[in-house]
Amino acid sequence: MTSLPLGEPRAALEGDRSRSPGAGELVSGRLAVSGMWCASCAHALEKAFVRVDGVEEVLVSFAAGEAVVRYDPARTTLLAVAARATTLGYGATVATDVSSATFDATEAAIRDLSIRLAVALFFGMWSMGASGALLLVDGLPLATASALGRLAFVGALPIVFFAGAPFLRAAYRTTSVGAPGMDTLVALGALASLALSGWHALRGDGVSYVDAATMLVTLLLAGRLIEHHARKRGVAAVRALLFELPLTVKQVAFPRGVPTERSAATLEPDALVVVDPGDVVAVDGLVQLGRAELDTSAISGESQPITVGRGTLVLAGSRVVEGQVTLRVTASPGSRRIDLLAQRARELLVSRTGLQGLAERVARRLVPGLLILAALAVLIGLFTAQGWEAALVRGVAVVVVTCPCALGLATPAALLQAVVNARRRGIVFRDGGALEGAARITAVAFDKTGTLTTGKLCINQVVRRPGAEAHGMTSDLDLLALAAAVEGETQHPVAEALRLAATGQEWPTVTERKGHLGVGVTARYGAHQVEVRRAESPEPTLALVIEVVLDGVVIGEIWLEDQLRKEAPQAIQRAKEAGLRVYMFSGDRPARAAALGVQLGLDPSHVAGGLGPEQKVERVEALKAAGAQVAFVGDGDNDAAALAAADLGIAMQASTRAALEAAPVVLQQHGLSTVLDTIVLAQRTSRIMRQNLGFAVLFNGIMIPAAMAGWVTPGWAALAMGTSSLAVTLNALRVRLPRAKS
């Protein structure tokens, strides 16, 4: 079996559906899969699907809740493949909106896990208390010890069979297809210790080993809850990218017809829709009628509005600042560019394996050996004439001591400590999946607009020309106030910048305002004709220059720029001093990107402008292909796929929802100044995780032979297991950042 490359575009994964496949030609399809509990479930389903006659390649993703199957339609169907999942107790359907189905299923799973964890904690207090007393208190009367043993056993039953039911189901499903993993280890340890404790409870001899089962189930339920929250975040990244797009549009029968509201999802290509000022465009389409200024920053990174007219392609996610256009639909929901971008982001998020995957792979290899060793321990006990009960105790001790508490806690414990320390520095650290690569980060790439800059126009300079004072413009504020009055209360970025700059200044009275798309605004100022219009920018760093014209004479210029964040130069310098290669990938015009790169001291070859979302991903992946481990820092919808593609995605606090969901790290109050802190913390966390995994393997290497030799009883095995869990937890406490410089 081979796995499909998740980085392939959607069309490559799903095949060309515009024609029928030829004889023997493979096609691809997607299934929404429900009931998966962990990565072991995904591995088991892969093994089950590939055994279906006609299935050649398959990839099942627990994180995405889906399967991509490549098969021969002459030999099988997608429905037949789905039916194979149902025989194992999973649900699989041919779904068009896999993300929504998976998101809902994950939310339900989180609620279910929370209830099971609460039950485990409640009954665990009684069960663990009773078994702990038996283990630690000497000289208990037999009647007391017997009562405590039975209390411990009864308290453990709801923990194992209710709270731990998902582990038992997953163990059965994965083992039945020959793919045992972490869940099989959990089930074996919990059931073995519970069964032996039940036997002693019936005998009333005051011996109990249920602490192994209760501790194991409770701790690993907490770990799975963390994992499901991370899974929900990955799926939410796709939904968030499309969240703010309108669900309805105003359709017309002909360019100047009366618009009627209808669902955007029902539109066919060539339909005509009207988009009014302030509206967000819901479809991709060509302008058929009208002109407008569009804010495309969310999808392109362009820092200033662009003017569109007949024949211009407009993409979903753009916002109409001024004007009105009628679009002829070229792509409706499901096939728009932003849909493909969302699909790309989902595939990149799913493709992360992470250290949790490493723990699962270790467990998968451990199961067969554990079963052999446990059986061997029982045989040794029998051959040494210790009796069947003593031999069974020895076998159970092997199983219990191998229970993967340390293995299961190795990554969540370190991640939790990283989260606590990061929040103190204003870093929201939400996902351990990117930490494996973060330990070796060698390059960091920044988006420009909204990341290195504020993303808003501000006044750089005001230049008053001769003749300005003759018309009452005796100060820069007078000129700004006149320009603000002419621009008025529109939502245009220039008008917003002028209003902010003229705050507190009395505006002159203007009348007969009239906007001219892509040019400027005219008005009457007393007996004068005044115009605020765009002009040629004398410097590439400037986003825009506007002229204030009175009766045909230029009386002043106002220079606007996308303001650099004050902490940006220091963030770039710190990254360089740490030995990282620093890049800037921007959707803004190449000249402005290059000028900002010079201002920040970046290597010109490390600066690229005019990049769309796909090109940013290509740049990140090119760096990775060249051997770099890449962190990407961004803030917009157009950065979501690059954030997912990077080894470590970092979003700004004011980022769009899609960027926030796609990035495992969000910077809050200190912004760019904590970028290097984030990378350092990720490196330290990953190092601690690997140490914990190494300790877990070493622990088993020492304790298993001791248990086989009969030196460790199941009770002491459970205590040793708890000690190993405590050890990895204490080691995780070492995850911290150096003190912030004052």
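Computed from the coordinates by the stated procedures, all read-outs in this text should not be read as laboratory data. Since we're looking at a predicted model, the values are computed, not measured. Heads up, the Cβs are rebuilt from the backbone with ideal geometry, glycines too, and the neighbour counts pull from every protein chain shown.
Observations on the model:
- Set of aspartates and glutamates with alpha-carbon distance to LYS47 below 18 Å, sequence-local pairs under 8 removed: GLU56, GLU57, GLU66, ASP72, ASP183, GLU360
- Order by protection proxy (mean Cβ within 10 Å, highest first), peptides 155-162, 659-666, 192-199: 659-666, 192-199, 155-162
- In plain terms, the chain from GLN615 to LEU517 could stretch by 32.3 nm, reckoned as 0.36 nm per residue minus the Cα-Cα distance.
- Taking θ as phi - 60° and the Karplus parameters 6.51, -1.76 and 1.60, the scalar couplings of region 639-651 work out to 9, 4, 5, 5, 4, 6, 6, 5, 5, 9, x, 10, 10 Hz in sequence order, x denoting glycine and proline.
- FRET efficiency estimate (nearest 0.05) - Cβ-Cβ, LEU564 to GLN529, R0 41 angstrom: 0.65
- Protection proxy ranking, highest mean first, for peptides 611-623, 208-220: 208-220, 611-623, where packing is the per-residue count of other beta-carbon atoms within 10 Å, averaged.
- In sequence order, calculated HN-Hα J values of region 688-693 (Karplus, 6.51, -1.76, 1.60; Hz; x Gly/Pro): 5, 4, 5, 4, 5, 5
- In nm, spacing of pseudo-spin labels at ILE380 and VAL697 (7 Å Cα→C-beta vector): 2.2
- In sequence order, region 567-573 has phi-based couplings of 8, 4, x, 5, 4, 5, 5 Hz under the Karplus curve 6.51 cos²θ - 1.76 cosθ + 1.60, θ = phi - 60°, and Gly or Pro positions carry x.
- Listed pairs LYS514/LYS566; LYS456/LYS576; LYS250/LYS514; LYS456/LYS616 exceeding 31 Å between Cα atoms: LYS514/LYS566
- Here the label points at THR248 and ARG734, each 7 Å from Cα along the C-beta direction, are separated by 6.0 nm in the simple model.
- Segment GLN288-THR144, length gained on full extension (0.36 nm per residue, minus Cα span): 43.1 nm
- Highest mean packing first, where packing is the average number of other Cβ atoms within 10 Å per residue, the peptides 679-689, 556-566, 500-510, 645-655 line up as 645-655, 679-689, 556-566, 500-510.
- Other-chain or far-sequence residues with amide H under 5 Å of GLN324's (modelled H): ARG291
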